[in-house]
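Structure first, then comments.
Since every read-out is calculated from the coordinates, none of them should be taken as a lab result. What you see is a predicted model, and the numbers here were worked out from it, not measured in a lab. Cβ sites come from the backbone with ideal geometry, for glycine too, and all protein chains shown count toward neighbours.
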Amino acid sequence: MRRMLLALLFLLAPFGARGEGLVSGISQDTIQITSSYTGTSIVVFGAIERAQSAQGRNIVVVVRGPDEPMTVRRRERIAGVWVNSDAAQFEGLPAYYYLASTEPVARIAPSEALARYGIGLQALRPSAVGSHHDPEPFRQAAIRYHMRHGLYAESPGSIDFLSESLFRTRVPVPAGVTRGQYNVEVYLLRDGEVISAQSTPLFVDATGLERRLYNMAHDAPLSYGLACVFLSMLLGWISAVLFRRPD
Amino acid sequence: MEIYLPVAEMSVNWLVIVALGMGVGFLSGLFGVGGGFLMTPLLVFAGIPSTVAVATTLSHVTASSISGALAQWRKRAVDFGMAGVMAAGGMAGIVFGVWLFALMRRQGQMDLIVGLSYVIMLGSIGVIMLRESLATLKAYRSGVPVSHGLVNHSWIQGLPFKMRFRQSRLYISVIPPIVLGFLVGTLSAIMGIGGGFILVPAMIYLLRVPTKVVMGTSLVQIIIVTSVTTLLQATNNFSVDIVLAGLLVSGGVVGAQLGVRAGAKLRGEQLRLLLAILVLTVGAGLAWQLIARPADIYSLSEGMP
């Protein structure tokens, strides 16, 4: 439903000739994870075409990572020890979600509209839930967990206007991000309704040695494991020779 | 200073990891243990996912055992027959342990089982070592020699399938070494330890292997078991991180050599007292994690079990 709406919006956007329109871009379309990667940031920028009054107008930038299946467990105290006792499985929640907006999302649009467009952390809904009748506290826990690890964030008031119609925002990409295809979505809202939207893909991928090692660990696990064993034996042997005491 | 770990998919300060390897290596050289029981919890404290920590610590144990084993081998203090029989039991134990590991992960009880096993094992071994070293120190002061009460396990002598272990000058059933190997292999797969600090006392007190060959033989068994477990973890769980292993091992082997030198200056009973305190401290820390109220009673893991 959400995707269909979005697709429709993206199709219609160029034709909305009379109203306000949106053009946006990102500073880089690929993020390379190298051996010294400790997180980075990208700049999302854009321009409002045929800009009208800033009153009632809002910009929302959403960067959404690939969906990731996850299991959330609840611990309970049993005989003094904290034990995992209950679990819910979610599909369709993103591994990364960052939202920058001109105002807090709750003030931009009513919650039904936000839910319809999938804007804001509270609008994140799993597409499927496994083995639980009351998933809501588990969903909240999943959001909390990702926020704690800097993977989900809402940052109201972080969009800078360079002129009447030119804007930009800096999106942090922390060290713990998953590889895959991300989507940068820029929304132009007026009085709580999306009037224009644009989506650009962003790729996060490992390069060079990191990529080769990761691929080897998954595609040739036996040789990879042998390499690990050989490496540790070699280093152990070298140290024994170097530090050999005359005895 | 930051380096990206390709399998753990996170970046760490490599100086911290090398220092960690060196510190644990120093202790393992000092006390003559592999150090897995310290390394795995420390890596988890440092934020490494526990599956990666358990699987990668084994490389550190392999490396620090190699240099010790080489020294013992030069002194001809290795009973390869005994090591081979124990390793055969060890293989079965590893396969069982890796299976158990996967089962616990599906049930969501891995952290609990690993935590409980650590607390029970570290607690009991720490208490035994503490009592023994205190008694020895007291006896040393009062000048009374202590007899290490070797119990006569007649039921072990009565078991079938006897085999001659030339180097250990023993003629015993292969069942106890196989069972011992199995036990240590299982623990190795679940907890990421070599198991030296179970193996050594069990070989001395249960199997009656002469102290002279115990160290070398247990090291050879540990090398075999940790290597095979590394291979199985790499092929079954894809959880060995070669960059993390390289960093840990580089620090570890240097630390181990320094530890051996420092250890030569201390007396055995003092060393054992220090090790007992260390073991009990780690055990108490892990026990506290099990009983303290967690910051968030919900936890999250990626994927569908």
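Observations
- Distance in nm between pseudo-label sites at residue B:159 and residue B:173 (7 Å out along the Cβ direction from Cα): 0.6 nm
- Every helix of 4 or more DSSP H residues in chain A counts as -39500 (n - 2.57), and over all residues that averages to -8500 deg cm²/dmol at 222 nm.
- Relative to the longest principal axis of the Cα atoms of chain A, the long axis of helix A:2-12 lies at roughly 50 degrees.
- In chain B, the calculated helix contribution to ellipticity at 222 nm averages -24000 deg cm²/dmol per residue, counting -39,500 (n - 2.57) for every DSSP H run with n ≥ 4.
- Candidate aspartates and glutamates for bridging to residue B:162, where Cα separation is under 20 Å - those fewer than 8 sequence places away on the same chain excluded: B:79
- Footprinting exposure proxy ranking of A:226, B:219, fewest other C-beta atoms within 10 angstrom first, gives A:226, B:219.
- Amide H contacts under 5 Å for residue B:170: B:165, restricted to partners 5 or more places along the chain or on a different chain, H placed in the peptide plane at 1.01 Å from N.
- 10 Å Cβ neighbours from other chains, averaged over peptide B:239-249: 4
- Rounded to 5, percent antiparallel among DSSP beta bridges of segment A:2-206: 85 percent
- Length released on extending from residue A:23 to residue A:219, taking residue separation times 0.36 nm less the Cα-Cα span: 66.4 nm
- Helix B:50-74 vs. chain B, principal-axis angle (Cα, 0 to 90°, nearest 10): 30 degrees
- Loop-resident sites, segment B:74-132, for trypsin sites (Lys or Arg not before Pro), counting at most 14 other Cβ within 10 Å (DSSP): B:75, B:76
- Under a 5 Å amide H cut-off, with hydrogens placed 1.01 Å from N, residue A:195 pairs with A:188, A:189, A:190 among residues at least 5 apart or on other chains.
- Spin-label proximity, residue B:211 to segment B:176-203 - amide N less than 15 Å from point 7 Å beyond Cα toward beta carbon: B:200-203
- Amide N of segment B:59-87 lying under 11 Å from the label point, which is placed 7 angstrom from the Cα of residue B:166 along Cα→Cβ: B:80-81
- Number of partner chain Cβ atoms within 10 Å, mean per residue of B:61-71: 6
- Per-residue shielding of A:80-87, expressed as the average number of other chain Cβ atoms within 10 Å of the residue Cβ, stands at 6.
- The slack in the chain from residue A:76 to residue A:234, taken as 0.36 nm per residue of separation less the alpha-carbon distance, amounts to 52.3 nm.
- Cα-based helix-to-principal-axis angle, A:221-242 vs chain A, degrees rounded to 10: 50 degrees
- Among A:179, A:73, the order by Cβ neighbours within 10 angstrom, fewest to most, reads A:179, A:73.
- Loop sites in segment B:220-280: trypsin sites (Lys or Arg not before Pro), DSSP, at most 16 other Cβ within 10 Å: B:265, B:267
- Put simply, when A:114-123, B:251-260 are sorted by average Cβ atoms within 10 angstrom per residue, most first, you get B:251-260, A:114-123.
- Excluding same-chain neighbours fewer than eight residues apart, the lysines reachable from residue B:75 by a Cα-Cα span under 19 Å are B:212.
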